[in-house]
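The next block holds one structure in the form of structure tokens; read it before the comments.
The values are calculated or read from the model by the stated rules, or taken from the named source; none is laboratory data. All of these numbers come straight from a predicted model, not from anything done at the bench. Neighbour counts run over all protein chains shown; Cβ positions are idealised from the backbone, glycine included. Remember, those area values only see protein heavy atoms, side chains included, never the ligands or the DNA or RNA. Shrake-Rupley method; radii C 1.70, N 1.55, O 1.52, S 1.80 Å.
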Amino acid sequence: MSRIERELMLLGRHASMGSAGRCRPAEGQERLERSAYLLLSRLDAAGPMSIGQLAEAFGLDCSTVNRQTAVILKAGLIERILDPDGGTARRLRITDEGARRLRLDREARVKNLSGLLDEWSPRELATLARVLTRFNITVERHEGEPWPRAEAPGPGLPS
């Protein structure tokens with residue numbers, strides 16, 4: 001368990017330092033800030049959400065999510081819409097520009113990861129993907145807040 005804890009700490013360090021995605025998404029295009037990338041990813045996967053729903057999904061205070069979303073609202077990456085279910089709270093929805101920027105950022109991250117892991121065999125890559133997915137699903141189940149996934153978890157993984 002100590003080794004796992006240490007490696008997870010290092011993984012978090014690498015991600016926060018940007019080593020998992022140092023290349024730019026496009027010529028002259030700035031990478032998305034970490035919070036913007038996470039918020040856009042969640043809205044892209046789950047559809048429109050209220051500030052309260054986002055705060056619950058990320059385990060943050062509404063005031064924190066409000067500050068984070070204000071930045072990407074101002075940048076035109078998300079927009080406020082009426083609640084499609086008829087509620088009084090407005091929801092936030094990713095814009096076409098937000099989806100484009102998210103796609104470019106994700107492509108840059110995948111390209112960088114591909115370069116980092118180019119010496120790994122397809123089998124090793126599949127194992128890493130399976131183990132990371134299983135770990136994340138376990139954490140999400142424990143926290144009671146699953147991350148929406150478009151793809152099925154895969155063989156031997158809980159759904």
task: For the stretch 13-34, enumerate the residues that are open to solvent by less than 40 Å² (accessible area, probe 1.4 Å) and modelled with pLDDT of 70 or more.
output: GLN29, LEU32
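Against the definition (under 26 Å from GLU143 (Cα atoms) and at pLDDT below 95), how does ARG91 come out, yes or no?
Values: under 26 Å from GLU143 (Cα atoms): yes; at pLDDT below 95: no.
So ARG91 fails the test.
Restricting the stretch 107-120 to residues that are in contact with a helix residue (DSSP H, G or I) (Cβ under 9 Å, 6 or more places away or on another chain) and without any contact (Cβ under 8 Å) to a residue 40 or more places away in the chain, which is most open to solvent (accessible area, probe 1.4 Å)? Walk me through it before giving the result.
If we filter the stretch 107-120 for residues that are in contact with a helix residue (DSSP H, G or I) (Cβ under 9 Å, 6 or more places away or on another chain), which is where we start, we get 109, 117, 120.
This time we only want the ones that are without any contact (Cβ under 8 Å) to a residue 40 or more places away in the chain, so: 117, 120.
Working: LEU117: 41, TRP120: 107 Å².
Per the stated criteria, the residue is TRP120.
If you scan the stretch 81-93, which residues turn out to be in contact (Cβ under 8 Å) with a residue 40 or more places away in the chain and open to solvent by 30 Å² or more (accessible area, probe 1.4 Å)?
Keep residues of the stretch 81-93 that are in contact (Cβ under 8 Å) with a residue 40 or more places away in the chain, which gives 90-93.
Result: ARG90, ARG91, ARG93.
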message: Which pairs turn up if I take residues in the stretch 51-80 that are basic (Lys, Arg) and look for partners that are surrounded by fewer than 17 Cβ atoms within 10 Å (Cβ to Cβ) and part of a loop (DSSP other than H, G, I, E, B) with beta carbon separation below 6 Å, at least 6 apart in sequence or on another chain?
response: ARG80/ARG90
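From the residues in the stretch 50-79 that are among the hydroxyl-bearing types (Ser, Thr, Tyr) and either touching a strand residue (DSSP E or B) at 6+ places or on another chain (Cβ under 8 Å) or not in a helix (DSSP H, G or I) (or both), which one is most open to solvent (accessible area, probe 1.4 Å)?
We begin by selecting, within the stretch 50-79, every residue among the hydroxyl-bearing types (Ser, Thr, Tyr); these are 50, 63-64, 69.
Subsequent filtering for residues that are either touching a strand residue (DSSP E or B) at 6+ places or on another chain (Cβ under 8 Å) or not in a helix (DSSP H, G or I) (or both) retains 50, 69.
Working: SER50: 20, THR69: 2 Å².
Only one residue tops the list, namely SER50.
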- prompt: Looking at ARG106, ARG67, ARG90, ARG100, which is the one that is of a type in the set (D, E, K, R) and under 14 Å from the mean Cα position of the chain (by Cα)?
  reply: ARG106
query: Which of the residues spanning the stretch 121-135 are within 25 Å of LEU43 (Cβ to Cβ) and open to solvent by less than 70 Å² (accessible area, probe 1.4 Å)?
result: ALA129, THR133
